[in-house]
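Participant: What follows is a structure written as structure tokens; I'll ask about it next.
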Amino acid sequence: VPGFGLALNLQPSVIIIGKYFLKRRPIANGLAMAGSPVMLCTLAPLNQFLFDNFGWRGSFLILGAILLNCCVAGALFRPIGAATTSVKTQAIEERKDALKEEVTKDAMEMSSPMNAPMETKTEEEGGKDCCEKINQYLDFSLFKHRGFLIYLIGNVLMFLGFFAPIVFLAPYAKHIGIDEYSAAFLLSILAIVDMIARPTTGIVANSKWVRPRIQYFFSFSIAFNGACHLLCPLASGYTGLVIYSVFFGLAFGMVCAMLFETLMDLVGAARFTSAVGLVTIAECCTILLGPPIGGTLIDTFGDYKYMFIKCGAVMVLAGTFLFIMNYYNYHMLAKEEKERKAKEEDPKSVRTENEGRNNWNKETIRDGPELQPLREEREGLKKEVNGT
């Protein structure tokens, strides 16, 4: 039930930010995402206080009441350009209705041999309408989008090692002999740094030097996150774990701030809703598998360092993959854009294309079966004139 509620809460908030902001969207995403670590660094002491005074049932009731304030936040949002959209939709519907009436009238006037193709055409149109309705909610054509596939593969790989270090950070500190309260404070350090890192990353990502190539910045953030985990086993004392928590909080905040911004940069605002849904469905498996795999490594070897090495290696691999494939994607996009401009600037190709289109139209008009009655009438008139 909380998982379902989280999905209904998180996904619309991310999508709505993209609808409201364009020019400063990375900053808006960074600021919005900064709310999560603010609660993370205060939730542990708040939970303890509520549990001591109200018990676990009372604690859940109070936390649920706090979370219900998201309904108030959601109620403050309003659709952008709703009036214009409704007018356009009404005009399109009117055109469709008029077109359907004309098609129906023509079909009734046609003879029985011509009815079969019309029925087939109507069935095909019905199938297309059904596919269009499905694509309104989940646009499966995104799986043909090169940038989306690169993002999806990289993120699915990344999430194998993204959350496990947070889960096992405090237990690892206790394992090497640090007391319980100091171990819990490591998460607060991580959250405080994360809180500062997210909006700062949004400001950097919105700059004119970074935003045109934001995918490279995202790849670097993932690889940097992985490098922190690979170096974590070198921390033998509390000071080393504090330094690790600072760098981990910085890297974690960088990735979270750009996680959805990079997706919108690839697919655009119009297809972003479907893209978020499809990515979330694919990522759920690796998010669920990451911590259990880490726990299995700890149980097998009796040491936490193998879990951190696994997470670090996976994230460095994901960051490297995204960097190389995004370089390839940017290169191909530049090449396609160059070819398109060359085709537009070449007058010969434009003229040839126009001539071909005109010839096709002439042949269609000349050979079209729907104009057979007109041709017969014209031939009859010619014969009458010749006879006179």
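The values are calculated or read from the model by the stated rules, or taken from the named source; none is laboratory data. Source: prediction; values computed, not measured. Glycine also receives a Cβ, built like all others from the backbone with ideal geometry; neighbour counts cover every protein chain displayed. Side chains are part of the model used for accessible areas, which takes the heavy atoms of the whole protein and leaves out ligands, DNA and RNA. Shrake-Rupley method; radii C 1.70, N 1.55, O 1.52, S 1.80 Å.
Participant: Do any helices (runs of 4 or more DSSP H) lying entirely in the stretch 1-90 carry at least 3 residues that are surrounded by 13 or more Cβ atoms within 10 Å (Cβ to Cβ), modelled with pLDDT of 75 or more and touching a helix residue (DSSP H, G or I) at 6+ places or on another chain (Cβ under 7 Å), and which ones are they? Reasoning before the result, please.
Facilitator: On the way: elements: 2-20, 25-33, 35-67, 69-75.
Ranges flagged: 2-20, 25-33, 35-67.
Participant: Here is a follow-up. Looking at the stretch 255-267, is at least one residue surrounded by fewer than 22 Cβ atoms within 10 Å (Cβ to Cβ) and not in a helix (DSSP H, G or I)?
Facilitator: No, the conditions are met nowhere in the stretch 255-267.
Participant: Would you tally the residues in the stretch 323-339 being open to solvent by 70 Å² or more (accessible area, probe 1.4 Å) and farther than 30 Å from residue 291 by Cβ?
Facilitator: Pass one, the stretch 323-339, residues open to solvent by 70 Å² or more (accessible area, probe 1.4 Å): 323-324, 327-328, 331, 333, 335-339.
Right, trim to farther than 30 Å from residue 291 by Cβ and you get 327-328, 331, 333, 335-339.
Looking only at that region, the number is 9.
Participant: On to the next question. Looking at 320, 300, 280, which one is of a type in the set (Val, Ile, Thr), modelled with pLDDT of 90 or more and either over 30 Å from residue 241 (Cβ atoms) or open to solvent by 30 Å² or more (accessible area, probe 1.4 Å) (or both)?
Facilitator: Values: 300 fails: modelled with pLDDT of 90 or more; 280 fails: modelled with pLDDT of 90 or more.
Only one candidate passes the filter, namely 320.
Participant: Something else now. So residue 180 passes all but one of these: (1) at pLDDT below 85; (2) more than 26 Å from residue 38 (Cβ to Cβ). Which condition number does it fail?
Facilitator: Answer for residue 180: the failing condition is (2).
Participant: Does residue 190 satisfy the condition of being over 21 Å from residue 315 (Cα atoms) and open to solvent by less than 10 Å² (accessible area, probe 1.4 Å)? Show your work before the answer.
Facilitator: Working: over 21 Å from residue 315 (Cα atoms): no; open to solvent by less than 10 Å² (accessible area, probe 1.4 Å): yes.
In short, no.
Participant: So, in the stretch 160-187, how many residues would count as being under 24 Å from the mean Cα position of the chain (by Cα), open to solvent by 10 Å² or more (accessible area, probe 1.4 Å) and not aliphatic (A, V, I, L, M)?
Facilitator: 1
Participant: Separate question: Just for the stretch 340-369: of the residues that are among the acidic types (Asp, Glu) and surrounded by 10 or more Cβ atoms within 10 Å (Cβ to Cβ), which one is modelled with the highest pLDDT? Before you say what the answer is, go through the steps one by one.
Facilitator: Initial filter on the stretch 340-369 (among the acidic types (Asp, Glu)): 344-346, 353, 355, 363, 367.
Add one more test, that the residue is surrounded by 10 or more Cβ atoms within 10 Å (Cβ to Cβ), and what stays is 344, 346, 353, 355, 363.
Values: 344: 82, 346: 73, 353: 57, 355: 62, 363: 51.
Out of the qualifying residues, it is 344.
Participant: Mind listing whichever residues of the stretch 283-297 are among the β-branched types (Val, Ile, Thr) and surrounded by fewer than 19 Cβ atoms within 10 Å (Cβ to Cβ)? Give the derivation first.
Facilitator: Residues of the stretch 283-297 among the β-branched types (Val, Ile, Thr): 286-287, 293, 296.
The answer is 287, 293, 296.
Participant: For the subset of the stretch 202-219 comprising residues that are part of a helix (DSSP H, G or I) and open to solvent by 10 Å² or more (accessible area, probe 1.4 Å), which member is nearest to residue 248 (Cα to Cα)? Spell out the reasoning first.
Facilitator: Taking the stretch 202-219 as the starting set, the residues that turn out to be part of a helix (DSSP H, G or I) are 202-205, 211-219.
Next cut, open to solvent by 10 Å² or more (accessible area, probe 1.4 Å) only: 203-204, 211-213, 216-217.
Values: 203: 20, 204: 18, 211: 23, 212: 26, 213: 24, 216: 19, 217: 17 Å.
The residue in question is 217.
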